[in-house]
Each structure stands twice: as C-alpha cells, then as structure tokens.
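Each remark here refers to the structure printed beneath this line.
The values are calculated or read from the model by the stated rules, or taken from the named source; none is laboratory data. What you see is a predicted model, and the numbers here were worked out from it, not measured in a lab. For neighbour counting, all protein chains shown are included, and Cβ atoms are generated from backbone atoms with ideal geometry for every residue, glycine included.
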Amino acid sequence: MDSSASNPGVGPAPSPRLPRAYAVRSERERLLDAMIRVVAVKGYEATGVTEVLEAAAVDRDAFDRMFPSKEACFLEAYDAIIDVLVAHVSAAFESTVGQPWPDRVYAALRALVELLSREAEIAHMAMVEITAVGEDARIRYRAALGRFTYFLEEGRSFSPRGEELPADTAGFAIGGATSMIFDEVRAGRGEELRRLLPDLTYAVLMPYIGAEAAEREMRRVARGG
Amino acid sequence: MLEAVGAEGYERVSVRSVLDRTGLYRQAFYDHFDDKADCYLQAYDAGVARVEALVLQATAGQSSWVARLRAGLDAGLGFFDAKPNTGRALVVEVHAAGPEALAKRSAAMGRLVSFFAQAQPLGGLDPPPPIASEGIAAGIQSVVHSRLASRGSVDLRSLLPEFMYFAVLPYLGAEQARAELRAPGVA
C-alpha cells in the first residue's frame, strides 16, 4: 500500500515515521471511543453516525472503510468495553490468589461495581442499552456474561457439595447478580452501585455454599473489605 | 402481536406484520391501539396475566409452599415450552420495547419475588435476608432469558429440578434442596 496516500479527515498528518496502519488503527480507536461516549449519552437509537464522526474527527469514507454499519461499530465498541471490564475484574480476582474463594469473589465484585459506578453512563450502555439493540447485540451480551463464569469455577471445589451442584449454577449466580445490577442501573442509580455490594456477594455465593454460609460470608467480607 | 414479536424481534415487527398474522384490517388495529408500542404493551399485560393465571391455577390445590412452588414453576416453564415465541416476546424482547415496558417487567418481577418470599424457613433455620428471594427470581429469570434468547430447542421444564434446588436452598436448607434436584419433577 502507498504509504503517502492522502488520509482525509484525520486532521494533521500523522508523524511520517509511523506506518499508515498506525493511523488507521487510531482512527478506529477514536471511532470506537466516540461511539461509546455518544451512545452512552444519547442512547443507541437516537445516535447518528454523523455525531460519532464529529466526536471522533473522522470522515465518513474512513468510517465506511472500517465498518459496514453503525451497528457493527457499536458492537465492536461494546466488546472493547467488556474487555476492559473483564480485565479489571480479573486483576482484582488474581490479586487475591491463595485467599478463600468467597474473599476473591468479593474482591472481583467490588472491582466490578466500582468501575461501573465510576462510569455510570457507560454502564447504562453496556447493561441496559445493549439488550435493546437487537439479536446480534444480545448474542454479544450473553457471550459477555459467559466470560464471568471463570471467576465462579473455583466455587465448585470450595463448596462442600460441589459435585452435586446443578450444571447451570454459574449462569444462575451471574444472572442473579447481573439482574440486580441491571435494575439499579436502569433506575438511574448506577452511581450508587456500591451499596449493592453485600447483596451481590450474597446472590453469587448462595447457590454454591447455601444461605447461612453466604450470609456469614457476606457480613464477614463486607466488614473486612 | 406476541407471536410476531417473539418470531421477528420487537424492532423488526411492524403493524403490517401483525395484520398479516391476524388477518385484521389496518383500521381494526387502529380502533384498538395507538401504534405498535401501545399494542405490545397491552399484549404484554395480557401475556403476563395469562402466565400468572396458569401458575395460580397450578398452585391452587397444593398444600405446602414447596409443592406450590414446584407446580407453579412447572406451569410457567411449560407455557414457555409450548409457546416459545410468546415467551421470547415477554422475557427477551421486553428489553427492546422502551421504558414503559421495562417498568411493567419490573412489576412482574416484583410479583415473582414475593412468590418466593412466601416461603417459611424450616424449623431451626434462620430466615434468609430479603435479598434471597430477589436473587432467586433474578437467577431463574436470567437462565430462562438466555435459553429463550438462544432460540435453540428450549425445554425449560427440564430445568425445574435445578430451579427448585436454588429456590429451596435458602429457605429449607441443603438437604431439601438436594432432594429437589433428584426429584423426578411434577407428575
């Protein structure tokens, strides 16, 4: 590819030492970032590609080269958000290696709600808006939830009756927690998600270790945290 | 309306496609409904009422909370198995139908939560925190949602023992929960 090809709409030409692929990638990143910010404020339906282009300072041709549609761009942006969320939760989970599993779950949940409450608009987009975008979006949403099962797998060996637990235990636990977060975020209380932390801890632990143990853990980890 | 929404998705459904399914004239539609959204909201109410009536009917003859729970869940899941499009329209597509639909969904979930909260803990067990019933309703809702959304073969009734396990666990303890998991289901 001709590296001197004109690159309209990006503003100042990128440093000549950077390969063209770098500029393309950065246009893509700007578009994804702009898509997230605009949809978070306006909602998916009301968002036009034009606004995204303006926010990203990228021109229509560049957009069309990279994405077949607004939906495609949104879905890629959504995946990027989930990557960040999973990485953040994962870091908290991994930093507690060697501690009892309920403590690690608590650390992971705390990391999750702290990030979501800091970015309440993005949380609204990633949890509420996404379920309204259509079939492909819903597939991404379910795949995203599935990425959190990893943090619960250890619960089977921690639980005194791990072998007997139903097959869908992780789905049930994650679904319960997600649904509680969804209700808060939808009701516009995304910034206060931290208050939900003890309840979330209970909802995730209960299917694995039973009600009494889950309540004990909920109180213990909440005090310790 | 619910059949159409469940089959095509709320966004894609038009008044036209509802008319095609029902054989009604456009004028007849607008005699009853303002627009697609209005029609869906009314259909949602009617659909939820139908499921709740089935559940209530199934629980009527049962003497204990756990028997009512089993029969009620089985009736609800059985309805979704028989009418997966209606199930999708009520459980999955409601998310695409705007704030008013989501408020109706919250109200329906609230009734489901109180259904679980009617449980009396077994002697010797402390009552679980109020969040228990919310967690159970949300967990079951979520598993049903993902089954319906995936459009595969549904068979939600096969999940009854699992759901009973989770629902019974906080109120009646691990012994009873395990028994539900091994139970053959509703005769």
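So the values come out like this:
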{"read-out": "Which numbered condition B:Ala108 fails, given (1) in contact with an Asp or Glu (Cβ under 6 Å, 6 or more places away or on another chain); (2) closer than 18 Å to B:Thr86 by Cα; (3) more than 10 Å from chain A (Cβ to nearest Cβ)", "value": "(1)"}
{"read-out": "For A:Phe151: the one exception among (1) closer than 24 Å to B:Ser106 by Cβ; (2) touching a residue at least 60 places away in the same chain (Cβ under 8 Å); (3) surrounded by 19 or more Cβ atoms within 10 Å (Cβ to Cβ); (4) not polar (S, T, N, Q)", "value": "(1)"}
{"read-out": "Test: residue in region A:172-179 that is aromatic (Phe, Trp, Tyr), more than 26 Å from B:Arg157 (Cα to Cα) and either in contact with a Cys (Cβ under 7 Å, 6 or more places away or on another chain) or within 11 Å of chain B (Cβ to nearest Cβ) (or both)", "value": "no"}
{"read-out": "Checking B:Gly123 against (1) surrounded by fewer than 16 Cβ atoms within 10 Å (Cβ to Cβ); (2) within 9 Å of another protein chain (Cβ to nearest Cβ); (3) farther than 24 Å from B:Ala89 by Cβ, the condition it does not meet", "value": "(2)"}
{"read-out": "Top-ranked residue in region B:152-187 [being more than 8 Å from chain A (Cβ to nearest Cβ) and without any contact (Cβ under 8 Å) to a residue 12 or more places away in the chain; ranked as nearest to A:Arg161 (Cα to Cα)]", "value": "B:Glu175"}
{"read-out": "Filtered residue count, region A:83-135, keeping only those that are among the acidic types (Asp, Glu), in a helix (DSSP H, G or I) and closer than 30 Å to A:Thr47 by Cβ", "value": "5"}
{"read-out": "Filtered residue count, region A:97-130, keeping only those that are free of Cβ contacts under 8 Å to residues at least 12 places away in the same chain and either in contact with a Cys (Cβ under 6 Å, 6 or more places away or on another chain) or not charged (D, E, K, R) (or both)", "value": "3"}
{"read-out": "Failed condition for A:Glu215, given (1) charged (D, E, K, R); (2) buried (at least 16 other Cβ atoms within 10 Å of the Cβ); (3) touching a Ser or Thr at 6+ places or on another chain (Cβ under 8 Å)", "value": "(3)"}
{"read-out": "Lone unmet requirement of (1) modelled with pLDDT of 85 or more; (2) within 10 Å of chain B (Cβ to nearest Cβ); (3) within 20 Å of A:Ile81 (Cα to Cα) for A:Ala203", "value": "(3)"}
{"read-out": "Which listed residue, of A:Arg189, A:Arg161, A:Arg142, A:Arg138, is more than 7 Å from every other protein chain (Cβ to nearest Cβ) and among the basic types (Lys, Arg)", "value": "A:Arg189"}
{"read-out": "Scope region B:126-136; condition facing chain A (nearest Cβ under 10 Å) and either buried (at least 21 other Cβ atoms within 10 Å of the Cβ) or within 15 Å of B:Val66 (Cβ to Cβ) (or both); matching residues", "value": "B:Pro128, B:Ile131, B:Ala132, B:Glu134, B:Gly135, B:Ile136"}
{"read-out": "Some residue of region B:137-154 being buried (at least 16 other Cβ atoms within 10 Å of the Cβ), under 16 Å from the mean Cα position of the chain (by Cα) and assigned to a loop (DSSP other than H, G, I, E, B)", "value": "yes"}
